[in-house]
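What follows is a set of notes on a single structure, which appears directly below.
The values are calculated or read from the model by the stated rules, or taken from the named source; none is laboratory data. All of these numbers come straight from a predicted model, not from anything done at the bench. Cβ coordinates were reconstructed from backbone atoms using ideal geometry, including for glycine residues, and neighbour counts include every protein chain displayed.
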Amino acid sequence: MKKPLLFLTILIAGAAVMFLSFTSINAAAPDSTASNNAAIEIPENVQQVIDKSCFGCHNSESRSDKAKKKLQWDKLGELKTYKLVGTLSDISDVVTKHDMPPKEFLEKKPEATPTAVEKKILAEWAESTAKMLVQ
């Protein structure tokens, strides 16, 4: 009669140890789907480029649904890590390839045209921030 009780006690203790080890590992592991509200920092020189050439169309209040769907600077910190990394990589690519801002927009607002230095500042920031988030 004592053998089944001993077996049951060992079985329950083993299950408890396994449960606790799995839950503590998961609790300590970084959550790659968590928000990044504090994970990215936009330096002032980068923010100036964004304000001048990007934010007018790429914000949550924009009238351009297409631009809002692609990117919302004011919601960037709410993206999950994997999505944020992809978005930052896309920003670097479109700026480097001179795809943004679009020519039609610049014809209407030539003052929003970023200089080569401003494009480099934005692209390098986006690329380095994406790399930092992956590490």
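State yes or no: is residue 109 charged (D, E, K, R) and either in contact with a Pro (Cβ under 9 Å, 6 or more places away or on another chain) or not assigned by TED's automatic domain parsing to the domain that holds residue 50 (or both)? Reasoning before the result, please.
Working: charged (D, E, K, R): yes; either in contact with a Pro (Cβ under 9 Å, 6 or more places away or on another chain) or not assigned by TED's automatic domain parsing to the domain that holds residue 50 (or both): yes.
Spelling it out, residue 109 is indeed charged (D, E, K, R) and either in contact with a Pro (Cβ under 9 Å, 6 or more places away or on another chain) or not assigned by TED's automatic domain parsing to the domain that holds residue 50 (or both).
Give the residues of the stretch 67-84 that are surrounded by 16 or more Cβ atoms within 10 Å (Cβ to Cβ) and of a type outside the set (A, V, I, L, M, F, W, C), sorted by residue number.
Residues satisfying the conditions are 68, 72, 81.
Would you confirm whether any residue within the stretch 44-56 is modelled with pLDDT under 95 and of a type in the set (Val, Ile, Thr)?
Scanning the stretch 44-56 turns up no residue that is modelled with pLDDT under 95 and of a type in the set (Val, Ile, Thr).
Could you list, in sequence order, the residues of the stretch 85-135 that are acidic (Asp, Glu) and either part of a helix (DSSP H, G or I) or surrounded by 16 or more Cβ atoms within 10 Å (Cβ to Cβ) (or both)?
Kept after step one, since they are acidic (Asp, Glu), are these residues of the stretch 85-135: 90, 93, 99, 104, 107, 111, 118, 124, 127.
Hits for the stretch 85-135 are 90, 93, 104, 107, 111, 118, 124, 127.
May I ask you to verify whether residue 79 is farther than 16 Å from residue 46 by Cα, out of contact with any strand residue (DSSP E or B) (no Cβ under 6 Å at 6 or more places or on another chain) and touching a residue at least 24 places away in the same chain (Cβ under 8 Å)? Quick ask: steps written out before the conclusion?
Values: farther than 16 Å from residue 46 by Cα: yes; out of contact with any strand residue (DSSP E or B) (no Cβ under 6 Å at 6 or more places or on another chain): yes; touching a residue at least 24 places away in the same chain (Cβ under 8 Å): yes.
Taking the combined requirement at face value, the residue satisfies it.
Output the qualifying pairs, or none if there are none: Cβ atoms under 8 angstrom, residues six or more apart or on different chains, first residue in the stretch 40-52 and part of a loop (DSSP other than H, G, I, E, B), second residue of a type outside the set (A, V, I, L, M) and modelled with pLDDT under 95.
Here the result reads 40/77, each pair linking the stretch 40-52 to a residue that is of a type outside the set (A, V, I, L, M) and modelled with pLDDT under 95.
Output the number of the condition that residue 23 fails; it satisfies all remaining conditions of (1) polar (S, T, N, Q); (2) in contact with a Ser or Thr (Cβ under 9 Å, 6 or more places away or on another chain); (3) modelled with pLDDT under 95.
(2)
Go through the stretch 108-135 and report how many residues are of a type in the set (Gly, Ala, Ser) and under 24 Å from residue 84 (Cα atoms).
Restricting attention to the stretch 108-135, the residues satisfying the condition of being of a type in the set (Gly, Ala, Ser) are 112, 116, 123, 126, 128, 130.
Narrowing the set further to residues that are under 24 Å from residue 84 (Cα atoms) leaves 123, 126, 128, 130.
Residues flagged as of a type in the set (Gly, Ala, Ser) and under 24 Å from residue 84 (Cα atoms) within the stretch 108-135 amount to 4.
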